[in-house]
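Comments concern the structure below.
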Amino acid sequence: MINAQIADNFDSWRTAAREFLESGERPEDIFWNTVEQASLFEPKIGNLEAREHLRVPAEFIKVAKAIACFDGAGKWPLLYRILFRLSYEDRNLLSIETDADVRQARVMEKAVSRDVHKFHAFVRFRVVKADETEIYVAWHEPQHLTVERATPFFVRRFGTMNFSILTPKGCSHWDTKELTFSPPAEKQHAPTADDAELHWLTYYRSIFNPFRLKIKAMKTEFPVRHWPTLPEAQLIPELIREAYEK
């Protein structure tokens, strides 16, 4: 049994997987172990996309980069198993949706995609001042390791403002020029309110339509697990109660 020690990210897995694939190591002979600092496999020139004899479809790279953000131990052996089968058995494996490995990969890919969608929808910035500079800070609790995947959306949308997004799975920071990432934070490091919050709550109350209230559907699109991080969520129990009283 080979003990593959990698960091919990796509680049580290890809480096190790390339070595194993070239030497023909079978998936069942590898134990994937994630560590904070992986040094067993050093990067070499080239990558899976560029080395033609490994026969890796571009679709696999796209899927693998998404699954790398899935917060679960089974993702790395699954990806190597699919990679091995693509290279040595069937290049069209990813088109076989009934295959157990492909089906599991698609489930993980969709979970990450949903998490990124919720990330974009449920981040709420609060402004703080540091040395006369306004910095917009948000606290968010993603289910998966989606900070690096989701943050470029905010750079495109709020590129002219300094912001930080703090999460228990890593943080991102934008200073209007450079996007950087840092280790996980704790909720106590995020601001709890700002001067604009009252205006936002007033606006949210004004757009709430009690006659179109469907609690089950609302909780599907607006999961309860995110309510503690959203200022408007404090209004929801009251608004629901008022809706049923009308």
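Would you check if there is a residue in region 86-105 being of a type in the set (Phe, Trp, Tyr) and modelled with pLDDT under 95? Yes, there is a match, as at least one residue in region 86-105 is of a type in the set (Phe, Trp, Tyr) and modelled with pLDDT under 95. Being basic (Lys, Arg), closer than 28 Å to residue 60 by Cβ and either in contact with a His (Cβ under 9 Å, 6 or more places away or on another chain) or at pLDDT 95 or above (or both): is that true of residue 114 here? Spelling it out, residue 114 is indeed basic (Lys, Arg), closer than 28 Å to residue 60 by Cβ and either in contact with a His (Cβ under 9 Å, 6 or more places away or on another chain) or at pLDDT 95 or above (or both).
Looking at region 131-144, which of the residues that are more than 22 Å from residue 227 (Cβ to Cβ) and in contact with a strand residue (DSSP E or B) (Cβ under 9 Å, 6 or more places away or on another chain) is surrounded by the most Cβ atoms within 10 Å (Cβ to Cβ)?
Taking region 131-144 first, the residues more than 22 Å from residue 227 (Cβ to Cβ) are 131-135.
Applying the additional criterion that residues be in contact with a strand residue (DSSP E or B) (Cβ under 9 Å, 6 or more places away or on another chain) yields 133-135.
On the way: 133: 9, 134: 11, 135: 19.
Ranking the qualifying residues of region 131-144, first place goes to 135.
Restricting attention to region 145-173, the residues being touching a helix residue (DSSP H, G or I) at 6+ places or on another chain (Cβ under 7 Å) and surrounded by fewer than 20 Cβ atoms within 10 Å (Cβ to Cβ) number 4. Could you check, for region 115-128, whether at least one of its residues is more than 28 Å from residue 220 (Cβ to Cβ) and surrounded by fewer than 20 Cβ atoms within 10 Å (Cβ to Cβ)? Yes. Filtered by the rule that a residue be open to solvent by 50 Å² or more (accessible area, probe 1.4 Å) and either polar (S, T, N, Q) or outside any helix (DSSP H, G or I) (or both), region 97-114 gives 97, 98, 104, 113.
From the list 94, 83, which residue is of a type outside the set (Ser, Thr, Tyr), touching an Asp or Glu at 6+ places or on another chain (Cβ under 7 Å), assigned to a helix (DSSP H, G or I) and surrounded by 17 or more Cβ atoms within 10 Å (Cβ to Cβ)?
94
Cβ-Cβ distances below 9 Å connect the following pairs, each with a first residue in region 216-239 that is closer than 18 Å to residue 117 by Cβ and in a helix (DSSP H, G or I), a second residue that is small (Gly, Ala, Ser) and modelled with pLDDT of 70 or more, and a separation of six or more residues or different chains: 221/121; 226/121; 229/138; 229/190.
The values are calculated or read from the model by the stated rules, or taken from the named source; none is laboratory data. Not measured: the values here are computed from a predicted model. Positions of Cβ are generated from backbone atoms using ideal geometry, with glycine treated the same way; all protein chains shown enter the neighbour counts. Each accessible area value is taken on the protein alone, full model and side chains, heavy atoms only, with ligands, DNA and RNA left out. Shrake-Rupley method; radii C 1.70, N 1.55, O 1.52, S 1.80 Å.
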